[in-house]
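Each remark here refers to the structure printed beneath this line.
The values are calculated or read from the model by the stated rules, or taken from the named source; none is laboratory data. Just so it is clear, the model here is predicted, and its values are computed rather than measured. Neighbour counts run over all protein chains shown; Cβ positions are idealised from the backbone, glycine included. Heavy atoms of the whole protein, side chains included, go into the accessibility calculation; ligands, DNA and RNA do not. Shrake-Rupley method; radii C 1.70, N 1.55, O 1.52, S 1.80 Å.
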Amino acid sequence: MRVSIIGSGYVGMITGMGFVKLGNEVIFLDVDEEKVQMINEGRAPIYEEGLEELMTEYREKYRATNDYREAILNSDVTFICVGTPSREDGSIDLRFVESASKEIGKALGDKEDFHVVVVKSTVVPGTTEGVVKPILEEQSGKMAFKDFGLAMNPEFLREGVALKDFLNPDRIVLGVKDERTKDVLEKLYSPIDAPKVVTDIKTAEMIKYASNAFLATKISFANEIGNICKKLGIDSWKVFEGVGLDHRISPHFFRSGLGFGGSCFPKDVKAIIKKAEEVGEEPVLLKAVIEVNERQPIKLIELLKRHVPELKGRKIGVLGLAFKPNTDDVRETRAYPVIRRLLEEGAEVIAYDPKAMRNFRKFYPDVGERIDYAESPREILEKAKVVLILTEWPEFEWLDYSKKIVIDGRRIQRAERTAEVYEGLCW
Ligand code: NAD
């Protein structure tokens, strides 16, 4: 099949190259000229393991453009993969979905063959039919579910293992209304051996939010129990090992520490909180999930101050800036509130991350431009007596932490074993 991808970020690139790998031809589209150029040169605009190798291997099977007409007229299915960030009040910002829908709609007006538009971006229930559909219909002069197909297909990939997740998902959710569209999507996904959950469109939208809200809840729950354990001198990781073996609970994603970040959990939980309030529901639990998460970086600073009461003028080494290992993504990274607080207290910060230093500086200029960056993790240990571990990159397991004061938000075992002073956040 010929697929076009609107928005060539994390989800767009993985979806597009995933479909290439499954034997399809793909046109990527982005408003960012630099990304378009990089893709056309066979380079990945984001860091994700295996992506650039795949782009090299299948060089003839994809291209990129910024021209919507070209993308829509030369494809059979279009996936909307643009960002859906939070507004100031936490509600979903649909600006990019709206502008993409408008351009797709204009191009659809000129298309003779049946075309399917699929919303893959995470959108609050009601968006595909209440926002995307009217824009597409108005711009194209055509009717959804009759003249063109419209569906919602949420994405569950995890950055760092995104290609693997796309090709071997736990499930594929297809939110559809008309048979033709359902057939197209089932055909496109037929090479993937995974349960396919076919629902109506707003149920598919909600499945994504319920999944992310549950996972975020699991982390905040682990952190709340972890904070209690810390006070009681109990290793919460051992506790969760014992608890997770209950098959109703599962050991996966059950770790205490600095909390969740990234482009999805914080914004999606906030968006569904706002949506709930909009329809007159008070989401008590979900609000607490966010509150617990926001407290974890403060707890780390409190632990640090137990060992280093005066931060003014102290050099603090930071290991890890990405919101999790194996990605260069720094959106909502817990490193940001920690470093901001260090700077507020007058500390001098030197940081290292294998992939995310450039992004950190660009995304958070208010702190990113006020800190030093090291060439290697070893340089951090050479230059700072006090070290904070904020992302669990595997290479941090190979460092010499002796003679260091280490406050660990993620649990690097080598540091735990060898540091002169070691404090784990919840263990
Ligand atoms: P991203 O910011 O990495 O990529 C979005 C891309 O869309 C950018 O390259 C941007 O330039 C482009 N764009 C913006 N407006 C556009 C327009 N009008 N036309 C064409 N391109 C446009 O975002 P992402 O992380 O890939 O997330 C995309 C969506 O997928 C979001 O809704 C997100 O919640 C969801 N999602 C993300 C993940 C993840 O792990 N990143 C996982 C599952 C779902």
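Explain nothing, just compute: Karplus ³J(HN,Hα) = 6.51 cos²θ - 1.76 cosθ + 1.60, θ = phi - 60°, for every residue of the range 369-374 in order, whole Hz, x for Gly and Pro.
Karplus values, whole Hz, x for Gly and Pro: 8, 9, 10, 8, 10, 9.
Report the charge-dipole magnitude of the range 19-89 in Debye, nearest 20, computed about the Cα centre from +1 at each Lys and Arg Cβ and -1 at each Asp and Glu Cβ.
It comes to approximately 240 debye.
Run the paramagnetic zone check for Thr199: 7 angstrom along Cα to Cβ, then residues of the range 10-33 with backbone nitrogen under 11 Å.
none
Residues of the range 315-336 with amide nitrogen under 14 Å from the 7 Å Cα-to-Cβ point of Lys383?
Zone members listed by number: 315-320.
Ranked highest first by average number of other Cβ atoms within 10 Å, how do 95-103, 21-29 line up?
Going from most to least packed, we get 21-29, 95-103.
Just subtract the alpha-carbon distance of Arg69 and Arg43 from 0.36 nm times their residue separation and send over the number in nm, one decimal. It would help to have the intermediate numbers written out before the result.
Numbers: separation 26, 0.36 × 26 = 9.36 nm, distance 2.38 nm.
Working it through step by step, the gained length comes to 7.0 nm.
Ordered by packing density, taken as the mean number of other Cβ atoms within 10 Å over each peptide's residues, highest first, how do 292-298, 7-13 rank?
So the peptides 292-298, 7-13, ranked by packing, come out 7-13, 292-298.
In the range 271-427, carbon and sulfur make up what percent of the accessible area (probe 1.4 Å)?
Carbon with sulfur: 47 percent of the solvent-accessible area.
Counting only heavy atoms of protein chains, what accessible area per residue, in Å², does the range 27-97 have with a probe of 1.4 Å?
50
Considering only protein heavy atoms, what per residue accessible area in square angstrom results for the range 287-427 with a 1.4 angstrom probe? Before the final figure, lay out each step's value.
On the way: 6170 Å² over 141 residues.
About 44 Å² of surface per residue is accessible.
In terms of the ratio Rg/(2.2 N^0.38 Å) built on C-alpha atoms, what value belongs to the range 179-296?
1.32
Give the peptides 382-390, 370-378, 410-418 in descending order of average Cβ contacts within 10 Å, highest first.
Result, highest mean first: 382-390, 410-418, 370-378.
How big is the dipole moment of the chain about its Cα centre under a simple scheme where the beta carbon of each Lys and Arg is +1, that of each Asp and Glu is -1, and everything else is neutral? Debye, nearest 20, please.
On the way: 64 positive and 72 negative charges, 238 e Å.
Roughly 1140 debye, rounded to the nearest 20.
I'd like the antiparallel share, as a percent to the nearest 5, of DSSP beta bridges with both residues in the chain.
5
Treating the range 219-260 as a set of equal point scatterers at the Cα positions, no solvent, please give the Debye-formula log₁₀ I(q)/I(0) at q = 0.23, 0.25, 0.32 Å⁻¹.
Log10 of I(q)/I(0), two decimals: -0.70, -0.81, -1.13.
Efficiency by 1/(1 + (r/R0)^6): what FRET value for Glu88 and Ser402, r their Cβ-Cβ distance, R0 = 51 Å, to the nearest 0.05?
So the FRET efficiency works out to roughly 0.65.
What's the carbon and sulfur percent of the range 1-87's accessible surface, probe 1.4 angstrom, rounded to a whole number?
44
Go ahead and estimate [θ] at 222 nm for the chain from helices alone: -39,500 (n - 2.57) per DSSP H run with n ≥ 4, summed, over the residue count, rounded to 500.
Estimated from H runs of four or more residues: -13000 deg cm²/dmol.
Assuming a viscosity of 1.002 mPa s and a temperature of 20 °C, what translational diffusion coefficient in µm² per second does Stokes-Einstein assign to the chain, Rh being the Kirkwood radius over Cα pairs? Mind showing how you got there, number by number?
Working: Rh = 22.9 Å.
Rounded to a whole number, D works out at 93 µm²/s.
Work out the length of the dipole vector of the range 180-231 about its Cα centre, built from +1 on the beta-carbon of each Lys and Arg and -1 on the beta-carbon of each Asp and Glu, and round it to the nearest 20 debye.
So the magnitude is around 180 debye.
Given a 1.4 Å probe, how much area per residue of the range 121-278 is accessible, in Å²?
Counting only protein heavy atoms, the per-residue value for the range 121-278 is 46 Å².
The range 379-404 to the range 25-60: how many Å between their Cα centroids?
Measuring centre to centre over Cα atoms gives 34 Å.
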